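Chemist: So that we are looking at the same thing, I have put the structure below in structure tokens.
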Amino acid sequence: MEIIKLKYFISIISGIIIGLILGSSIIIALVSYRVDSYYEEIQKLNISIEERDERLEKLEQSLNNKKLILKDIEIILAHEEDEIDKITIEKYAKEKYIKLLGREVETIDVDIIEEIIDKRIFKLKNKEYQLEVTKIVLTDVLKIWIQTRPIN
């Protein structure tokens with residue numbers, strides 16, 4: 001009779017321990033997901049602030065010009081993998097073109113714009129991507145469509 005009580009007690013204790021482990025694992029997974037999404041949002045906002053500061057500075061410099069000037073750079077990235085990697089690649093691409101802000105649109109050569117980033121290899125963590133410019137539209141906003149391909 002005492003052996004049955006001992007088995008019953010052991011099964012209850014093991015059930016409680018397994019329940020605690022599973023419950024804490026689920027809670028940890030949910031919290032990590034939320035932290036990761038907040039981290040992505042913070043990265044996006046920081047990049048947005050940097051871009052707006054650069055744009056404001058360039059626009060203030062060219063305020064006296066009445067001609068059509070480049071006011072913004074927009075990167076449309078076709079990247080299928082991690083969102084943080086996508087944000088980092090977009091930031092890298094915008095940094096390459098940031099010097100064009102505030103310049104007259106007529107003085108910008110589209111072929112040179114394409115060659116700046118086309119066929120470049122971008123290393124990120126343990127991955128390498130080749131960047132390929134697929135389309136460019138140049139008005140007061142420079143829009144560049146970039147395709148990424150992982151290199152093995």
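Chemist: Between exposed trypsin sites (Lys or Arg not before Pro) in the chain, where DSSP calls loop and at most 13 other Cβ atoms lie within 10 Å, what's the longest gap?
Modeler: With trypsin sites (Lys or Arg not before Pro) excluded where exposed in loops, the chain gives 1-65 as its longest stretch.
Chemist: Expressed as a rounded percentage, what relative contact order does the stretch 3-151 have, with Cα pairs under 8 Å and six or more residues apart?
Modeler: Contact order relative to length: 22 percent.
Chemist: First measure r as the distance between the Cβ atoms of residue 36 and residue 77, then evaluate 1/(1 + (r/R0)^6) with R0 = 22 Å and state the FRET efficiency to the nearest 0.05.
Modeler: Here the calculated transfer efficiency is 0.65.
Chemist: Under 1.5 on a/c is rounded, so check that first for the stretch 3-46, then, if it is not, pick prolate when a/b is larger than b/c and oblate when it is not; a ≥ b ≥ c are the square roots of the alpha carbon gyration tensor eigenvalues.
Modeler: Working: a/c = 11.57, a/b = 10.77, b/c = 1.08.
Prolate.
Chemist: Restrict the search to the stretch 61-152; then list the GluC sites (Glu not before Pro) that DSSP places in a loop and that have at most 16 other Cβ atoms within 10 Å of their Cβ.
Modeler: Of the GluC sites (Glu not before Pro), the ones in loops of the stretch 61-152 whose Cβ has at most 16 other Cβ atoms within 10 Å are 80, 81.
Chemist: Using only C-alpha atoms and all pairs of different ones, pull out the Kirkwood radius for the stretch 3-151 in Å with one decimal.
Modeler: 18.9
Chemist: Now a separate question. Multiply the residue gap between residue 21 and residue 135 by 0.36 nm, knock off their C-alpha separation, and tell me the result in nm, one decimal place.
Modeler: Here the segment from residue 21 to residue 135 would lengthen by 35.9 nm.
Chemist: Something else: Would you be so kind as to identify all helices of the chain, as entire DSSP H runs, whose Cα atoms reach 15 Å or more along the helix's own axis and whose mean Kyte-Doolittle hydropathy is at least -0.5?
Modeler: Taking the DSSP H segments of the chain (at least 15 Å long, mean hydropathy at least -0.5), we get 2-61.
Only the coordinates and a few stated rules stand behind these numbers; no lab work does. All of these numbers come straight from a predicted model, not from anything done at the bench. With ideal geometry, Cβ positions are generated from the backbone for all residues, glycine too; neighbour counts draw on all protein chains shown.
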